[in-house]
1. How far apart, in nm, are the 7 Å Cα→Cβ label points at residue 89 and residue 75?
2. Taking amide H positions as placed in the peptide plane 1.01 Å from N, state which residues far from residue 67 in sequence (5 or more) or on other chains have amide H under 5 Å from it.
3. Exactly which chymotrypsin sites (Phe, Trp or Tyr not before Pro) in region 19-83 are in a DSSP loop and have at most 15 other Cβ atoms within 10 Å?
4. Using the Cα gyration tensor of the chain, with a ≥ b ≥ c the square roots of its eigenvalues, what is the shape: rounded (a/c below 1.5), prolate (a/b larger than b/c) or oblate (neither)?
5. As I understand it, the value is the acute angle between the Cα axis of helix 74-90 and the longest principal axis of the Cα atoms of the chain; what does it come to in degrees, rounded to 10?
6. Return the single residue from 13, 80, 64 with maximal mean-square fluctuation; model: Gaussian network over the chain, springs between Cα atoms under 10 Å.
7. What 222 nm value per residue comes from the helices of the chain, counting each DSSP H run with n ≥ 4 as -39,500 (n - 2.57) and dividing by all residues, nearest 500 deg cm²/dmol?
8. Mind pulling the angle between the C-alpha long axis of helix 36-47 and the longest principal axis of the chain? Nearest 10 degrees, somewhere in 0 to 90.
Amino acid sequence: DPQDGDDTDLLTKVKPKTKRPPLYKVMLLNDDFTPMEFVVHVLERFFGLSHAQSFEIMLTVHQKGLAVVGVFTHEIAETKVAQVMDLARREQHPLQCTMEKEE
Ligand code: NFA
């Protein structure tokens, strides 16, 4: 019979599946010009981080060159990147924000 698990219906097994969406890391990149306070502001405003958390992450980006600031679904990650890039452009800072699929 179909789905009874015997070896006569190897191609008809049903796999119970609760699918998780692919996740994307959102990263900030260091540069020599964007003011530290602007980066802290961006992290507080768009990533819901406290001032202390934001300052820590800003310093990590400054010292290491980049840092992951959050992990989101594709649509949310795209929105965060667009929000950061739009504000940075409007304020004429070269700050870069990118996203990358998590493996
Ligand atoms: N490196 C920048 C400065 O010294 C600060 C900065 C931090 C820029 C994190 C971008 C990202 N003003």
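1. Result for the modelled spin labels: 2.2 nm.
2. Placed amide hydrogens put 28 under 5 Å from residue 67.
3. On the way: sites: 24, 33, 38, 46, 47, 55, 72; in loops: 33.
In loop regions of region 19-83 (DSSP not H, G, I, E or B), the sparsely surrounded chymotrypsin sites (Phe, Trp or Tyr not before Pro) are 33.
4. Values: a/c = 3.81, a/b = 3.44, b/c = 1.11.
Cα axes put the chain in the prolate bin.
5. With rounding to tens, the tilt is 10 degrees.
6. Taking springs between Cα atoms under 10 Å, the residue moving most is 13.
7. Working: 3 runs with 43 residues, N = 103.
The helix contribution divided over the chain gives -13500 deg cm²/dmol.
8. Rounded to the nearest ten degrees, it is 30.
Readers should treat all values here as calculations from the given coordinates under stated rules, not as data from a laboratory. Treat the numbers as computed from the prediction; the structure is a model and nothing was measured. Backbone-built Cβ (ideal geometry, glycine too); neighbour counts: all protein chains shown.
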